[in-house]
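The values are calculated or read from the model by the stated rules, or taken from the named source; none is laboratory data. Computed from a predicted model, the values in this text were never measured in an experiment. Ideal geometry is used to build each Cβ from the backbone, glycine not excepted, and the neighbour counts take in all protein chains shown. For accessibility, only protein heavy atoms count, side chains too; no ligands or nucleic acids. Shrake-Rupley method; radii C 1.70, N 1.55, O 1.52, S 1.80 Å.
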Amino acid sequence: MKKIIAFLKKTFLVESSYQFPLALNIASIFLGLLSYFFINKLFGQKITTHLELFGVDYFSYVLVSTGLFGYISVGINSFPQKIADEQMEGTLEAIILTPTKTKIILAGLGIWNFIVASVDFAIYAILGLFVFRVNLGSANLASVALVLILSILSFTGLGIISASFVVIFKRGNPLAWVIGAFEGIVGGIFFPISVLPGWLQIISMLFPVTYAVKAMELAVYRGYTIYQLKTELTILVIFSTVLLPTGIKFFGWAINYAKKQGTLASY
Amino acid sequence: MENFVELNHISKNFTPSLSFSQIVSLKFQNKLSTHAITDLSFSLEKGKILGILGPNGAGKTTLLKIIATLLFPDSGTISIAGKYIEKDNLNIRSLIGFSSLQERGFYWRLTGKQNLEFFMALHNIDSKTAFKKANELSELFRFLDLNKRFDSYSAGMKQAISLIRALAHDPELLLLDEPTKSLDYLSAQRFMQFVLDELATKRNKTIIFTTHHLEEISNFCDKAIILKNGRLRETLTKSTLKAEFNSLKETYEKIALENQ
């Protein structure tokens, strides 16, 4: 735990030495939501048949899905990005020289971004409630928390696998490309997957984000309990238990590969 | 006396990665490997200082990185304090202090002190002890202010911070890659004397360092090896080093100039 706190303190000191990111981050979230707000206005703020399951209009739907996607994207992107940063600075080698287990290094590198993402998620909720007047009163908080935890665990596994590609190939991360290219379309982030043709709906079932978004929308707007979300939560548990240990194992292998190739410090 | 560091038949080749054009043209045969280290064996007792000499590209840094567990050898075995690096990697890392020649390896937007505090925490040393250690060691290097940002340090100060990081967790084995390269003359002398008197003689630490300065080998080492093209070319003992500086110079020049 002390080592993770050391990583957290170090990252805080580095990040706070830059002046604008936090303010720009809040502005980006606000402007992004504003676009969806006007798209919703264009289509008459109606609950379409595709959104009947959740009982909300398009803006309310996309507020939760993009907020959640921002959060779980951290799981995918923060590990490869942090590994690339540490390689560029040459500090990855220095960290690996210390008697620190791979799991602790990964947790230490990722934790700051999860805190930032949690703040972002809270900003989505605050903007939704107080600026865009979305009704979040029916949310089942226990279900919301569990969906968040399981989503982040699944995506952390994917992110660690993605970071392993960075350790080996430095640039050009095929996994990040696949996730980035497909999840926006098939994950139900910008529209419910029911609008997709059947064959794309089948592909969407391969991605944990599909279950995470559906479960989160139902937990927030329909107040679904953990029991009512058992199918989605079970699938997220399966994704987590497979992807997280696989990711950690794969990362350890990638580090050993780089040590054999002599490319640990190159970028 | 028992050996603290033991290398047996270590070899390391670097094979270049396939280029994009090789992949596209389906020509998978690789370019020739570089033989960085070839069949290298030596040992060192606890509390002794080993100097590694060799012209540029001789394999000195590669050898230090292999001992530091940052590079895996293709063949051969390495043991440190009786532990083999392939089996006991994590424990061995706590025994090692490594100072690299590169300026990279630190967070340039943090101060020297913040950098040291972070890396010491990864060695399970609390910040109070880390500050105390860092301040003590910084006295070896004149004009070193640990509260300045790392990117504002001169090359010599960066090297001093790197040396402090290598020493601060009190490792049993110090691996120093050209430790005095960027230091001013007085700091270099004071540091090497500290290595000899305090670390090796008083505290029985084992030290391996690379250098291009024959005087450092002659004045501070118990043993020296000369590498050329990754091969061990000469092993020199303390008696030879102390008594015959000119002979060391001649031997080194002869090896360095061969085939050139």
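Could you provide, to the nearest whole Å², the per residue accessible area of segment A:1-85 with probe 1.4 Å?
53 Å²
Output the pairs from A:Lys82/B:Lys181; A:Lys101/B:Lys133; A:Lys2/B:Lys113; B:Lys87/B:Lys238 with a Cα-Cα distance over 26 Å in this structure; if there are none, say none.
Violating the 26 Å limit, Cα to Cα: A:Lys82/B:Lys181; B:Lys87/B:Lys238.
Where Lys and Arg each count +1 and Asp and Glu each count -1, what net charge lies around B:Asn229 among other residues with Cβ under 13 Å from its Cβ?
Taking every Cβ under 13 Å from that of B:Asn229, the sum is +3.
What is the pair-distance distribution P(r) of segment B:19-164, computed from all Cα-Cα distances in 5 Å bins starting at 0, with each bin given as a whole percent?
2, 7, 14, 15, 15, 15, 13, 9, 5, 3, 2, 0
Would you work out what percent of the accessible area of the protein assembly as shown, with all protein chains in place, is carbon or sulfur (probe 1.4 Å)?
Whole-percent figure for carbon plus sulfur exposure: 61.
How about segment A:144-226: which trypsin sites (Lys or Arg not before Pro) there are in a DSSP loop, with at most 15 other Cβ atoms within 10 Å of their Cβ? All intermediate terms of the calculation are to be shown ahead of the outcome.
On the way: sites: A:Lys170, A:Arg171, A:Lys214, A:Arg222; in loops: A:Lys170, A:Arg171, A:Arg222.
The qualifying sites are A:Arg171.
Which distance in nm do the two modelled labels at A:Ile126 and A:Lys9 give, with both placed 7 Å along the Cα-to-Cβ direction?
2.7 nm
Which value, in debye to the nearest 20, describes the size of the charge dipole of chain B about its Cα centre when Lys and Arg Cβ atoms bear +1, Asp and Glu Cβ atoms bear -1, and nothing else is charged? Could the numbers behind the result be given before it?
Values: 34 positive and 29 negative charges, 108 e Å.
Value, rounded to 20: 520 debye.
So between B:Asn147 and B:Leu186, what do we pick up on full extension, going 0.36 nm a residue minus the alpha carbon distance?
Full extension from B:Asn147 to B:Leu186 adds 11.8 nm.
Apply the membrane-span-like helix rule to chain A: whole DSSP H runs, Cα extent along the own long axis of at least 27 Å, mean Kyte-Doolittle hydropathy at least -0.5. List the helices found.
A:21-42, A:58-89, A:102-126, A:141-169, A:230-261
List the extent of the Cα atoms of segment A:66-214 along each of their three principal axes, largest first, rounded to whole Å.
Principal extents (Cα only, largest first): 50, 37, 24 Å.
What list of whole percents do you get for P(r) of chain B, with Cα-Cα distances grouped in 5 Å bins up to the one holding the largest distance?
1, 6, 12, 16, 18, 16, 13, 9, 5, 2, 1, 0, 0
List, by residue number, every residue in segment A:250-267 with a reduction of 50 Å² or greater in accessible area between the chain on its own and the complete protein assembly, 1.4 Å probe.
Relative to the lone chain, where solvent access is computed with a 1.4 Å probe, segment A:250-267 loses at least 50 Å² at A:Lys259, A:Lys260.
How big is the B-A contact in terms of buried accessible area, both chains counted, 1.4 Å probe, rounded to the nearest 100 Å²?
Buried area between the two chains comes out at roughly 2900 Å².
Keeping every protein chain in place, order B:His35, B:His212 by accessible area at 1.4 Å, biggest value first, i.e. largest first. The partial results should precede the final answer.
Working: B:His35 115, B:His212 70 Å².
Per-residue accessible area, sorted high to low, gives B:His35, B:His212.
Cα atoms only: what Rg and Dmax, in Å, come out for segment A:2-261?
Rg then Dmax for segment A:2-261, in Å: 19.1, 60.
Quick check: from the Cα gyration tensor, does segment B:140-240 come out rounded (a/c under 1.5), prolate or oblate?
prolate
Which values of log₁₀ I(q)/I(0), to two decimal places, follow from the Debye formula for the protein assembly as shown at q = 0.07, 0.08, 0.09 Å⁻¹ with a uniform point scatterer at every Cα?
Debye output, listed in q order: -0.50, -0.63, -0.75.
Run down the aspartates and glutamates and flag those whose C-alpha is under 20 Å from the C-alpha of B:Lys202, throwing out any fewer than 8 positions away in its chain.
Of all the aspartates and glutamates, those that pass the test against B:Lys202 - Cα under 20 Å, at least 8 places apart if same chain - are B:Glu2, B:Glu45, B:Glu136, B:Glu139, B:Asp170, B:Glu172, B:Glu216, B:Asp222.
Accessible area, 1.4 Å probe, largest first: how do A:Val209, A:Val74 sort?
So, going from the largest accessible area down, we get A:Val74, A:Val209.
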